[in-house]
Amino acid sequence: MKSALVRTLLCSTAIVVTLQIGCSSPPPPRTSYQDPITSIRLYVDERADAGHSHPGQVTADQMARVLHGIRVVPRTGFIGSLITGQTQTNPAFSSSEIQILAPRLSRALSEATPQELVTFYRRFSDASVGLAITSGGMFVQDSHLFVVLANNRTLPTDGMNQNMVTDFDPIDSPLVPISRTSFRVEFVPSTALVPEDQRPSWPYIDEGRILAIDLQQLDRDKKSAPPAAKP
């Protein structure tokens, strides 16, 4: 009788454990920084495989140069660029945004585990267009900093032009693009950009919005740059 009871209890325990494992979900994100318009969080990256090179050692100065170098290219202007021979690009981040984000993103990377990546989310309120959102994420792999710019001053209603039934605010999913057609990204200086065929694989829904930046080359480019002219 006792042995039968023990077997029943063991079987019940095994079933409960199996169900818990099978229904397990990633842990909630950890918040590194939060204010009314900015959120920097650490999410478990299910695509990390063997893990990222975290804690990441990216200085605030390096991060500032990375953010300064990201350019947004409107995809709607592709035909015009073919005609003029020039690509219309705009900085993804203003000087004030870089000043706010660079030290906080640098610190967040230093807090990340190998299985995490750092995400950023920032709201803008413009009198002419209303609420707009910039969001994305980043992680370090060896000496490369991967940066995803999922949204750049994107309106929550922009996705409604692509069969979405309502507006979308990616505050809890900052790597999800609201609109898939609005822009792609480039980097300056281009010498610090790792070619796609030379960087580790990390699949993303829009390859035009992910950059891999060689931090060592970025430092070399800084040292070789001519000094700024004095006014």
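A count restricted to the stretch 94-113 and to residues that are within 19 Å of V44 (Cα to Cα) and buried (at least 22 other Cβ atoms within 10 Å of the Cβ) stands at 4. Per the conditions (1) modelled with pLDDT of 95 or more; (2) assigned to a strand (DSSP E or B), the sole criterion not satisfied by F124 is (1).
If the condition is being out of contact with any Leu (no Cβ under 6 Å at 6 or more places or on another chain), open to solvent by less than 10 Å² (accessible area, probe 1.4 Å) and under 15 Å from I70 (Cβ atoms), then the stretch 121-137 contributes T134, S135. Within this structure, T59 passes the test of being at pLDDT 90 or above, in contact with a helix residue (DSSP H, G or I) (Cβ under 7 Å, 6 or more places away or on another chain) and surrounded by 10 or more Cβ atoms within 10 Å (Cβ to Cβ).
Report whether or not L218 is farther than 15 Å from A64 by Cα, surrounded by 10 or more Cβ atoms within 10 Å (Cβ to Cβ) and modelled with pLDDT of 95 or more.
Spelling it out, it is not the case that L218 is farther than 15 Å from A64 by Cα, surrounded by 10 or more Cβ atoms within 10 Å (Cβ to Cβ) and modelled with pLDDT of 95 or more.
Of the set (1) open to solvent by 40 Å² or more (accessible area, probe 1.4 Å); (2) of a type outside the set (G, A, S); (3) touching a residue at least 24 places away in the same chain (Cβ under 8 Å), all apply to E196 but (3).
The values are calculated or read from the model by the stated rules, or taken from the named source; none is laboratory data. Because the structure is a prediction, the values reported are computed rather than measured. Because the Cβ atoms are built from the backbone with ideal geometry, glycine has one as well, and the counts that use them run over all protein chains shown. In case anyone asks, the SASA skips ligands and DNA or RNA and just uses the protein heavy atoms, side chains included. Shrake-Rupley method; radii C 1.70, N 1.55, O 1.52, S 1.80 Å.
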